[in-house]
Amino acid sequence: MGKALSVIASGICTGALLLGQASAQPAAPASAPTPVPGLGKAPACTPPPPAQPPGAAPPAQPRRDLPVTAIAGVIAGGQAWKKLWQQAGNGADGLIPDQDGNVLMAQEDSDTVLRLMPDGTTSVAVADAKGIGAVSMDRQGRLYGAHRTERPGSTKADRDQIFNAIRILTPAQQVIGQAWAGGAPAERPNDVIADNRGGAWFTAVCLYHASPRGVTTVADNLNANGVDLSPDEKTLYVTNGPTIVAFDVKGPGKLVNRRDFATLQAGGSGDGMAVDTAGRLYVSSGPGVQVFDKTGRYLGLIPSPRAVISITIAGPDRQTLYMAGSGADDDQGKPIRVGPQQTAATVYAIPLLAQGLKGHAK
(Lines give C-alpha, C1' and ligand atoms only; values in the text may rest on other atoms or scores of the structure.)
Protein backbone atom coordinates (compact mmCIF):
# COMPACT_ATOMS: atom_id res chain seq x y z
CA MET A 1 0.00 0.00 0.00
CA GLY A 2 3.05 2.24 0.20
CA LYS A 3 2.09 3.81 3.53
CA ALA A 4 4.57 4.22 6.37
CA LEU A 5 4.20 2.20 9.51
CA SER A 6 3.03 4.21 12.49
CA VAL A 7 3.52 3.38 16.15
CA ILE A 8 0.47 3.27 18.42
CA ALA A 9 -0.17 2.37 22.03
CA SER A 10 -3.17 0.20 22.80
CA GLY A 11 -3.64 -1.31 26.27
CA ILE A 12 -0.53 -3.32 27.05
CA CYS A 13 0.34 -3.50 23.34
CA THR A 14 2.81 -0.62 23.44
CA GLY A 15 4.92 -0.47 20.34
CA ALA A 16 2.04 -1.74 18.18
CA LEU A 17 2.60 -1.25 14.47
CA LEU A 18 -0.15 -0.43 11.98
CA LEU A 19 -0.04 -0.14 8.22
CA GLY A 20 -2.15 2.82 7.18
CA GLN A 21 -4.00 5.43 9.24
CA ALA A 22 -6.08 4.11 12.13
CA SER A 23 -9.28 5.71 13.36
CA ALA A 24 -10.63 4.62 16.73
CA GLN A 25 -14.28 5.28 17.53
CA PRO A 26 -15.15 3.23 20.60
CA ALA A 27 -18.51 1.53 20.73
CA ALA A 28 -20.39 1.02 23.97
CA PRO A 29 -18.17 -0.70 26.55
CA ALA A 30 -18.60 -4.39 27.15
CA SER A 31 -17.59 -4.86 30.75
CA ALA A 32 -16.14 -8.07 32.15
CA PRO A 33 -18.64 -10.94 32.26
CA THR A 34 -20.43 -11.36 35.59
CA PRO A 35 -20.50 -14.94 36.97
CA VAL A 36 -23.88 -16.58 36.48
CA PRO A 37 -24.96 -19.05 39.18
CA GLY A 38 -25.92 -22.47 37.90
CA LEU A 39 -24.00 -22.32 34.63
CA GLY A 40 -20.79 -24.09 33.78
CA LYS A 41 -21.79 -27.56 35.00
CA ALA A 42 -20.60 -29.30 31.83
CA PRO A 43 -19.09 -32.78 32.20
CA ALA A 44 -15.32 -32.92 32.31
CA CYS A 45 -13.48 -32.74 29.01
CA THR A 46 -11.44 -35.81 28.03
CA PRO A 47 -8.82 -34.64 25.55
CA PRO A 48 -6.10 -36.69 23.86
CA PRO A 49 -2.53 -35.73 24.77
CA PRO A 50 -1.99 -32.49 22.80
CA ALA A 51 1.11 -32.01 20.68
CA GLN A 52 1.20 -28.35 21.74
CA PRO A 53 -0.85 -26.18 24.11
CA PRO A 54 -4.41 -25.98 22.74
CA GLY A 55 -5.13 -22.70 21.07
CA ALA A 56 -1.44 -21.79 20.90
CA ALA A 57 -0.50 -19.75 17.87
CA PRO A 58 1.91 -21.40 15.42
CA PRO A 59 5.52 -20.46 16.12
CA ALA A 60 6.33 -17.23 14.30
CA GLN A 61 8.51 -17.75 11.24
CA PRO A 62 10.32 -15.30 8.98
CA ARG A 63 8.20 -14.02 6.11
CA ARG A 64 8.31 -16.35 3.13
CA ASP A 65 7.47 -15.61 -0.50
CA LEU A 66 5.90 -18.63 -2.19
CA PRO A 67 4.09 -18.67 -5.54
CA VAL A 68 0.31 -19.15 -5.53
CA THR A 69 -0.85 -21.76 -8.01
CA ALA A 70 -4.39 -21.95 -9.37
CA ILE A 71 -7.10 -23.99 -7.63
CA ALA A 72 -10.06 -24.38 -10.00
CA GLY A 73 -12.98 -22.21 -8.92
CA VAL A 74 -11.10 -21.03 -5.81
CA ILE A 75 -8.15 -18.83 -6.75
CA ALA A 76 -6.28 -17.81 -9.89
CA GLY A 77 -2.60 -18.59 -10.22
CA GLY A 78 -0.11 -15.78 -9.72
CA GLN A 79 -2.11 -13.92 -7.08
CA ALA A 80 -0.16 -12.33 -4.24
CA TRP A 81 -0.97 -11.65 -0.59
CA LYS A 82 -1.18 -7.96 0.31
CA LYS A 83 -0.15 -6.85 3.81
CA LEU A 84 -2.84 -4.66 5.38
CA TRP A 85 -2.11 -4.41 9.10
CA GLN A 86 0.19 -5.60 11.85
CA GLN A 87 0.49 -5.23 15.61
CA ALA A 88 2.53 -6.51 18.51
CA GLY A 89 0.83 -8.93 20.89
CA ASN A 90 -2.19 -11.21 20.59
CA GLY A 91 -4.20 -8.74 18.52
CA ALA A 92 -5.59 -10.67 15.56
CA ASP A 93 -7.62 -13.82 16.23
CA GLY A 94 -11.06 -15.16 15.38
CA LEU A 95 -11.42 -13.20 12.12
CA ILE A 96 -14.98 -12.84 10.75
CA PRO A 97 -16.72 -10.49 8.28
CA ASP A 98 -19.16 -7.90 9.55
CA GLN A 99 -22.39 -7.16 7.70
CA ASP A 100 -20.61 -4.73 5.36
CA GLY A 101 -17.76 -7.11 4.55
CA ASN A 102 -15.17 -5.48 6.80
CA VAL A 103 -13.15 -7.81 9.03
CA LEU A 104 -13.74 -8.05 12.78
CA MET A 105 -10.95 -9.52 14.89
CA ALA A 106 -10.49 -10.21 18.57
CA GLN A 107 -7.68 -8.42 20.39
CA GLU A 108 -7.16 -10.28 23.62
CA ASP A 109 -4.28 -8.14 24.87
CA SER A 110 -6.18 -4.85 24.50
CA ASP A 111 -9.67 -6.25 25.32
CA THR A 112 -11.05 -4.93 22.04
CA VAL A 113 -12.91 -6.11 18.94
CA LEU A 114 -11.25 -4.26 16.07
CA ARG A 115 -12.81 -3.53 12.68
CA LEU A 116 -10.40 -3.69 9.72
CA MET A 117 -11.48 -2.03 6.46
CA PRO A 118 -10.29 -3.19 3.01
CA ASP A 119 -7.86 -0.25 2.79
CA GLY A 120 -6.13 -1.24 6.03
CA THR A 121 -7.64 1.46 8.24
CA THR A 122 -9.25 0.42 11.52
CA SER A 123 -11.86 1.43 14.06
CA VAL A 124 -12.97 -0.03 17.38
CA ALA A 125 -16.12 -2.14 16.99
CA VAL A 126 -16.42 -3.10 20.69
CA ALA A 127 -14.34 -1.57 23.48
CA ASP A 128 -13.63 -3.01 26.92
CA ALA A 129 -14.40 -6.60 25.87
CA LYS A 130 -12.37 -8.22 28.62
CA GLY A 131 -10.28 -11.19 27.48
CA ILE A 132 -11.92 -11.42 24.04
CA GLY A 133 -10.36 -14.24 21.99
CA ALA A 134 -12.80 -14.99 19.16
CA VAL A 135 -16.06 -13.64 17.72
CA SER A 136 -19.02 -14.77 15.61
CA MET A 137 -22.13 -13.00 14.26
CA ASP A 138 -25.56 -14.59 13.81
CA ARG A 139 -28.15 -13.80 11.12
CA GLN A 140 -29.80 -11.24 13.40
CA GLY A 141 -26.55 -9.28 13.61
CA ARG A 142 -25.80 -10.22 17.23
CA LEU A 143 -22.08 -10.40 17.92
CA TYR A 144 -20.93 -13.31 20.12
CA GLY A 145 -17.60 -13.38 21.91
CA ALA A 146 -15.43 -16.06 23.51
CA HIS A 147 -13.73 -14.53 26.56
CA ARG A 148 -10.56 -16.01 28.03
CA THR A 149 -9.00 -15.88 31.46
CA GLU A 150 -5.61 -14.21 31.54
CA ARG A 151 -2.44 -16.16 30.86
CA PRO A 152 0.03 -16.65 33.72
CA GLY A 153 2.14 -13.54 34.09
CA SER A 154 -0.55 -11.14 32.88
CA THR A 155 0.03 -7.57 34.04
CA LYS A 156 -3.57 -6.38 33.62
CA ALA A 157 -4.80 -4.70 36.80
CA ASP A 158 -8.17 -6.46 36.52
CA ARG A 159 -6.81 -9.86 35.47
CA ASP A 160 -8.62 -11.65 38.32
CA GLN A 161 -11.98 -10.30 37.09
CA ILE A 162 -11.65 -11.68 33.56
CA PHE A 163 -13.54 -14.96 33.14
CA ASN A 164 -13.83 -17.76 30.62
CA ALA A 165 -17.27 -17.12 29.14
CA ILE A 166 -19.39 -17.05 26.00
CA ARG A 167 -21.21 -13.77 25.68
CA ILE A 168 -23.38 -11.73 23.35
CA LEU A 169 -21.56 -8.41 22.94
CA THR A 170 -23.91 -6.41 20.71
CA PRO A 171 -26.50 -5.02 20.38
CA ALA A 172 -27.47 -6.02 23.95
CA GLN A 173 -24.93 -7.56 26.33
CA GLN A 174 -25.73 -10.97 27.76
CA VAL A 175 -23.67 -13.80 29.24
CA ILE A 176 -24.98 -17.05 27.77
CA GLY A 177 -22.37 -19.33 29.30
CA GLN A 178 -20.13 -18.73 32.26
CA ALA A 179 -18.24 -21.68 30.97
CA TRP A 180 -15.93 -22.49 33.84
CA ALA A 181 -17.94 -21.69 36.96
CA GLY A 182 -18.13 -24.79 39.10
CA GLY A 183 -14.80 -26.35 38.15
CA ALA A 184 -15.46 -27.68 34.63
CA PRO A 185 -12.51 -27.88 32.17
CA ALA A 186 -9.67 -25.47 32.87
CA GLU A 187 -8.80 -24.66 29.24
CA ARG A 188 -9.45 -21.23 27.79
CA PRO A 189 -11.92 -21.13 24.86
CA ASN A 190 -10.35 -21.13 21.42
CA ASP A 191 -13.05 -20.42 18.85
CA VAL A 192 -16.81 -19.81 18.72
CA ILE A 193 -19.63 -19.89 16.16
CA ALA A 194 -23.21 -18.77 16.74
CA ASP A 195 -25.86 -21.46 16.17
CA ASN A 196 -28.46 -18.88 15.00
CA ARG A 197 -30.82 -20.08 17.74
CA GLY A 198 -29.60 -17.93 20.59
CA GLY A 199 -26.64 -20.14 21.51
CA ALA A 200 -23.15 -20.90 20.26
CA TRP A 201 -20.75 -23.79 19.71
CA PHE A 202 -17.24 -23.29 21.06
CA THR A 203 -13.98 -25.18 21.45
CA ALA A 204 -11.65 -25.48 24.43
CA VAL A 205 -9.75 -28.67 23.50
CA CYS A 206 -13.13 -30.44 23.52
CA LEU A 207 -16.33 -29.17 21.86
CA TYR A 208 -19.08 -27.41 23.82
CA HIS A 209 -22.42 -25.71 23.35
CA ALA A 210 -23.44 -22.61 25.31
CA SER A 211 -26.99 -21.33 25.67
CA PRO A 212 -28.96 -19.38 28.29
CA ARG A 213 -29.68 -22.79 29.87
CA GLY A 214 -25.99 -23.49 30.48
CA VAL A 215 -22.93 -25.14 28.96
CA THR A 216 -22.78 -28.75 27.80
CA THR A 217 -19.93 -30.89 26.52
CA VAL A 218 -20.96 -32.28 23.13
CA ALA A 219 -17.75 -34.04 22.03
CA ASP A 220 -14.57 -35.00 23.84
CA ASN A 221 -11.40 -36.90 22.90
CA LEU A 222 -10.47 -33.98 20.65
CA ASN A 223 -7.66 -31.47 20.33
CA ALA A 224 -10.08 -28.93 18.88
CA ASN A 225 -9.35 -25.35 17.91
CA GLY A 226 -11.34 -23.99 14.93
CA VAL A 227 -15.08 -24.54 14.52
CA ASP A 228 -17.42 -23.71 11.63
CA LEU A 229 -20.78 -24.63 10.08
CA SER A 230 -21.53 -25.69 6.51
CA PRO A 231 -23.51 -23.18 4.40
CA ASP A 232 -26.79 -25.00 5.15
CA GLU A 233 -25.81 -25.29 8.85
CA LYS A 234 -26.50 -29.03 8.81
CA THR A 235 -22.83 -29.97 9.36
CA LEU A 236 -20.47 -28.74 12.06
CA TYR A 237 -16.71 -28.92 11.42
CA VAL A 238 -14.02 -28.94 14.11
CA THR A 239 -10.25 -29.03 13.66
CA ASN A 240 -8.54 -31.92 15.44
CA GLY A 241 -4.81 -31.56 14.97
CA PRO A 242 -4.05 -32.71 11.39
CA THR A 243 -7.63 -33.82 10.73
CA ILE A 244 -11.05 -32.20 10.39
CA VAL A 245 -13.91 -33.86 12.26
CA ALA A 246 -17.52 -33.43 11.09
CA PHE A 247 -20.86 -33.89 12.86
CA ASP A 248 -24.48 -33.75 11.75
CA VAL A 249 -26.38 -30.98 13.56
CA LYS A 250 -29.70 -32.15 14.99
CA GLY A 251 -30.53 -29.11 17.11
CA PRO A 252 -29.01 -26.70 19.63
CA GLY A 253 -26.31 -28.65 21.46
CA LYS A 254 -27.21 -31.88 19.64
CA LEU A 255 -24.72 -33.57 17.30
CA VAL A 256 -24.66 -37.06 15.78
CA ASN A 257 -22.61 -39.06 13.28
CA ARG A 258 -19.11 -38.03 14.28
CA ARG A 259 -16.63 -38.82 11.53
CA ASP A 260 -13.26 -37.80 10.11
CA PHE A 261 -14.04 -35.44 7.24
CA ALA A 262 -10.59 -34.61 5.86
CA THR A 263 -6.85 -34.74 6.51
CA LEU A 264 -4.50 -31.80 6.03
CA GLN A 265 -2.49 -32.99 3.04
CA ALA A 266 0.06 -30.16 3.16
CA GLY A 267 0.95 -30.84 6.80
CA GLY A 268 0.55 -28.90 9.99
CA SER A 269 -2.40 -28.71 12.39
CA GLY A 270 -5.70 -26.97 11.69
CA ASP A 271 -6.53 -23.69 13.39
CA GLY A 272 -9.29 -21.47 11.93
CA MET A 273 -11.81 -22.27 9.18
CA ALA A 274 -14.04 -20.59 6.60
CA VAL A 275 -16.58 -21.82 4.03
CA ASP A 276 -17.68 -20.50 0.64
CA THR A 277 -20.97 -20.61 -1.27
CA ALA A 278 -20.02 -23.95 -2.89
CA GLY A 279 -19.51 -25.55 0.51
CA ARG A 280 -15.74 -25.68 0.18
CA LEU A 281 -13.86 -25.64 3.48
CA TYR A 282 -10.77 -23.48 4.00
CA VAL A 283 -8.48 -24.45 6.89
CA SER A 284 -5.63 -22.35 8.26
CA SER A 285 -2.39 -24.16 9.08
CA GLY A 286 1.36 -23.67 9.27
CA PRO A 287 2.00 -24.06 5.51
CA GLY A 288 -0.95 -21.87 4.52
CA VAL A 289 -4.66 -22.23 3.77
CA GLN A 290 -5.68 -25.77 2.78
CA VAL A 291 -8.87 -26.11 0.72
CA PHE A 292 -11.33 -29.03 0.55
CA ASP A 293 -14.53 -29.56 -1.39
CA LYS A 294 -17.81 -30.28 0.39
CA THR A 295 -17.10 -34.02 0.34
CA GLY A 296 -13.71 -33.61 2.06
CA ARG A 297 -11.61 -34.03 -1.09
CA TYR A 298 -8.38 -32.06 -0.89
CA LEU A 299 -8.19 -29.35 -3.59
CA GLY A 300 -4.90 -27.67 -2.84
CA LEU A 301 -2.88 -25.22 -0.76
CA ILE A 302 -2.83 -21.44 -0.87
CA PRO A 303 0.68 -20.89 0.54
CA SER A 304 0.95 -17.97 2.93
CA PRO A 305 3.67 -15.48 3.89
CA ARG A 306 3.49 -16.71 7.50
CA ALA A 307 1.98 -19.58 9.49
CA VAL A 308 -1.75 -18.85 9.59
CA ILE A 309 -3.63 -18.23 12.84
CA SER A 310 -7.10 -17.32 11.56
CA ILE A 311 -8.91 -16.77 8.24
CA THR A 312 -12.14 -15.34 6.88
CA ILE A 313 -13.70 -14.54 3.50
CA ALA A 314 -14.80 -10.90 3.51
CA GLY A 315 -14.90 -7.75 1.40
CA PRO A 316 -18.01 -6.02 0.01
CA ASP A 317 -18.42 -8.82 -2.56
CA ARG A 318 -17.15 -11.55 -0.20
CA GLN A 319 -14.36 -12.48 -2.65
CA THR A 320 -11.30 -11.65 -0.55
CA LEU A 321 -9.54 -14.15 1.69
CA TYR A 322 -8.05 -12.57 4.81
CA MET A 323 -5.50 -14.28 7.04
CA ALA A 324 -3.85 -13.41 10.33
CA GLY A 325 -0.28 -14.65 10.22
CA SER A 326 1.97 -15.37 13.18
CA GLY A 327 4.71 -12.77 13.46
CA ALA A 328 5.42 -9.26 12.18
CA ASP A 329 8.41 -7.12 11.24
CA ASP A 330 9.26 -3.57 12.25
CA ASP A 331 10.14 -0.89 9.70
CA GLN A 332 13.74 -2.17 9.67
CA GLY A 333 12.56 -5.67 8.79
CA LYS A 334 13.36 -7.10 12.22
CA PRO A 335 10.90 -9.41 14.05
CA ILE A 336 8.69 -7.74 16.64
CA ARG A 337 8.73 -9.50 20.01
CA VAL A 338 6.77 -8.65 23.13
CA GLY A 339 7.48 -11.63 25.38
CA PRO A 340 8.37 -15.32 25.49
CA GLN A 341 4.79 -16.52 24.82
CA GLN A 342 3.91 -14.33 21.87
CA THR A 343 5.39 -12.19 19.15
CA ALA A 344 2.97 -10.31 16.92
CA ALA A 345 0.44 -10.77 14.13
CA THR A 346 0.09 -9.54 10.55
CA VAL A 347 -3.11 -9.49 8.48
CA TYR A 348 -2.90 -10.15 4.74
CA ALA A 349 -5.53 -10.30 1.98
CA ILE A 350 -5.71 -12.07 -1.39
CA PRO A 351 -8.49 -12.08 -4.05
CA LEU A 352 -10.52 -15.24 -4.68
CA LEU A 353 -12.56 -16.58 -7.56
CA ALA A 354 -14.82 -18.22 -4.95
CA GLN A 355 -17.31 -16.23 -2.92
CA GLY A 356 -17.98 -16.26 0.80
CA LEU A 357 -21.42 -16.32 2.34
CA LYS A 358 -23.40 -13.31 3.50
CA GLY A 359 -25.26 -13.84 6.76
CA HIS A 360 -23.08 -16.79 7.76
CA ALA A 361 -21.89 -16.85 11.36
CA LYS A 362 -18.20 -16.78 10.36
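See the values below:
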quantity	calculated
Net charge over other residues, Cβ less than 10 angstrom from the Cβ of Ala210 (K, R count +1; D, E count -1)	+1
Within-12-Å neighbourhood charge of Met273 [Cβ basis; K, R +1; D, E -1]	-2
Spacing of the two label points (7 Å from each Cα toward its C-beta) at Ala70 and Arg297, in nm	1.8
Heavy-atom surface of the stretch 266-362, accessible at 1.4 Å and reported per residue (Å²)	33
Backbone N within the stretch 84-120 under 16 Å of label point (7 Å from Thr277 Cα along the Cβ vector)	101
With every protein chain in place, the stretch 63-219: carbon and sulfur % of accessible area (1.4 Å)	48
Charge sum, other residues only, whose C-beta stays under 10 Å from Trp201's C-beta, Lys/Arg counted +1 and Asp/Glu -1	-3
Evaluated at q = 0.16, 0.19 Å⁻¹: base-10 log I(q)/I(0), Debye formula over Cα of the stretch 230-362	-0.83, -1.08
Gain in span if fully extended, Arg213 to Asp100, counting 0.36 nm per residue against the direct Cα distance	37.5 nm
FRET efficiency, 1/(1 + (r/R0)^6) with R0 51 Å, evaluated for Asn257 and Asp331 via beta carbons	0.50
For Ile309, distant residues with modelled amide H under 5 Å away	Ala324, Gly325, Ser326
Where trypsin sites (Lys or Arg not before Pro) fall in DSSP loop in the stretch 218-312, at most 14 other Cβ within 10 Å	Lys234, Arg297
Rough spin-label spacing in nm, given labels placed 7 Å along Cα→Cβ, for Lys358 and Asp317	1.4
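The values are calculated or read from the model by the stated rules, or taken from the named source; none is laboratory data. In this text, all values refer to a predicted model and were calculated from it rather than measured experimentally. Heads up, the Cβs are rebuilt from the backbone with ideal geometry, glycines too, and the neighbour counts pull from every protein chain shown. Only protein heavy atoms, including side chains, enter the accessible area calculation; ligands, DNA and RNA are left aside. Shrake-Rupley method; radii C 1.70, N 1.55, O 1.52, S 1.80 Å.
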